[in-house]
1. Looking only at segment 55-83, count every residue that is in contact (Cβ under 8 Å) with a residue 60 or more places away in the chain and in a loop (DSSP other than H, G, I, E, B) and tell me the total.
2. Restricting segment 84-93 to residues that are part of a loop (DSSP other than H, G, I, E, B) and either under 16 Å from GLU8 (Cα atoms) or of a type in the set (A, V, I, L, M) (or both), which is farthest from the chain's Cα centre (by Cα)?
3. Sort through SER144, SER159 and tell me the only one that's in contact (Cβ under 8 Å) with a residue 24 or more places away in the chain, farther than 22 Å from THR66 by Cα and crowded, with 16+ Cβ neighbours inside 10 Å.
4. If you go through segment 1-51, how many residues are among the acidic types (Asp, Glu), part of a strand (DSSP E or B) and under 22 Å from GLY90 (Cβ atoms)?
5. Cβ-Cβ under 8 Å, sequence separation 6+ or interchain: first residue in segment 117-130 and in a helix (DSSP H, G or I) and modelled with pLDDT under 95, partner surrounded by 16 or more Cβ atoms within 10 Å (Cβ to Cβ) and of a type in the set (A, V, I, L, M). Which pairs?
6. Please go through segment 61-93 and give me each residue that is in contact with a Leu (Cβ under 8 Å, 6 or more places away or on another chain) and among the polar types (S, T, N, Q), ordered by number.
7. Which condition number does SER77 fail, the rest of (1) surrounded by fewer than 16 Cβ atoms within 10 Å (Cβ to Cβ); (2) more than 20 Å from VAL6 (Cβ to Cβ); (3) modelled with pLDDT under 95; (4) among the hydroxyl-bearing types (Ser, Thr, Tyr) being met?
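The values are calculated or read from the model by the stated rules, or taken from the named source; none is laboratory data. Just so you know, these numbers come straight off a predicted model, no measurement behind them. Please note: Cβ atoms are built from the backbone with ideal geometry, for glycine as well, and neighbour counts cover all protein chains shown.
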Amino acid sequence: MFTGLVREVGRLQGVRARGGVTRLDIEAPKISSSIGLGDSVAVNGICLTVVRIRNKVFTVEAVPETCRLTTLAKWRSGDRVHLEPALRAGDPMDGHLVQGHVDGTGKVMRITTVGGSRLLTIGLPRELTRFLTPKGSIAVDGVSLTVDEGPFKDRFTVSLIPHTLAETNFKQLRVGRLVNLELDVLVKAAQGRDGEEAAEARPATGLTLERLLARGFGRFGGSKRT
């Protein structure tokens, strides 16, 4: 589990595919000194497992399905990526709950500068818009942001304050660029993403304790870190 708050911007030192698995070598002095083998790290919003650490560089692996559903297949050596280690017991809970399970990709459609901030309009598949709510949360390339305008039938807009621009890669975004999107897990749970409401032939009625418990929320003992 993550929060969508970037802890470091790393640089890809190597991207190579072998046997259907893509290995990424990421230079990140701060993150590399605080993680261990088998730990989870969100890389541009994708939850990946650390398989090697050497000096200031750590290595993660991605399977073909991850490459298919995200922007990872387009990454190249020299690219900069957002990094966030998984939450540990006692860590502060800022941002919002992020799983690192990307729902799909969006395309930057418009960038508007307003003072020192920027408005970013992103297009997305229509089937994902039902999980957006006005002033709700969304993770864009692993960064926790708020839906400021929309959602509309195929797009939404978020605001990037100067601090976010300074601490992320968003100042380098250009129109047409693809980004990873993860919709709010609580909204997905409330709307029954797995189709359980349809199977029960009843409409969604909002967020309930029963639905959260049915999907694993609130089970703190013996939980498995992803």
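1. Within segment 55-83, the first condition is being in contact (Cβ under 8 Å) with a residue 60 or more places away in the chain, and the residues that meet it are 70-71, 74-83.
So of that shortlist, the ones also in a loop (DSSP other than H, G, I, E, B) come out as 70-71, 75-79.
Of the residues in that region, 7 qualify.
2. Of the residues in segment 84-93, the ones part of a loop (DSSP other than H, G, I, E, B) are 86-93.
Next, from what is left, pick out any that are either under 16 Å from GLU8 (Cα atoms) or of a type in the set (A, V, I, L, M) (or both): 86-87, 89, 93.
Details: ALA86: 12, LEU87: 14, ALA89: 20, MET93: 16 Å.
Here the answer is ALA89.
3. On the way: SER144 fails: farther than 22 Å from THR66 by Cα.
On inspection, the qualifying residue turns out to be SER159.
4. Going through segment 1-51 one residue at a time, the tally reaches 1.
5. Filtered contacts from segment 117-130: LEU128/LEU181; LEU128/LEU183.
6. THR66, THR71, SER77
7. Of (1) surrounded by fewer than 16 Cβ atoms within 10 Å (Cβ to Cβ); (2) more than 20 Å from VAL6 (Cβ to Cβ); (3) modelled with pLDDT under 95; (4) among the hydroxyl-bearing types (Ser, Thr, Tyr), only one is false for SER77: (3).
Results for (1) of a type in the set (S, T, N, Q); (2) not in a strand (DSSP E or B), shown as yes or no for each residue.
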site: ILE138; (1), (2): no, no
site: LEU145; (1), (2): no, no
site: ASP148; (1), (2): no, no
site: LYS153; (1), (2): no, yes
site: THR157; (1), (2): yes, no
site: HIS163; (1), (2): no, yes
site: LYS171; (1), (2): no, yes
site: VAL175; (1), (2): no, yes
site: GLU182; (1), (2): no, no
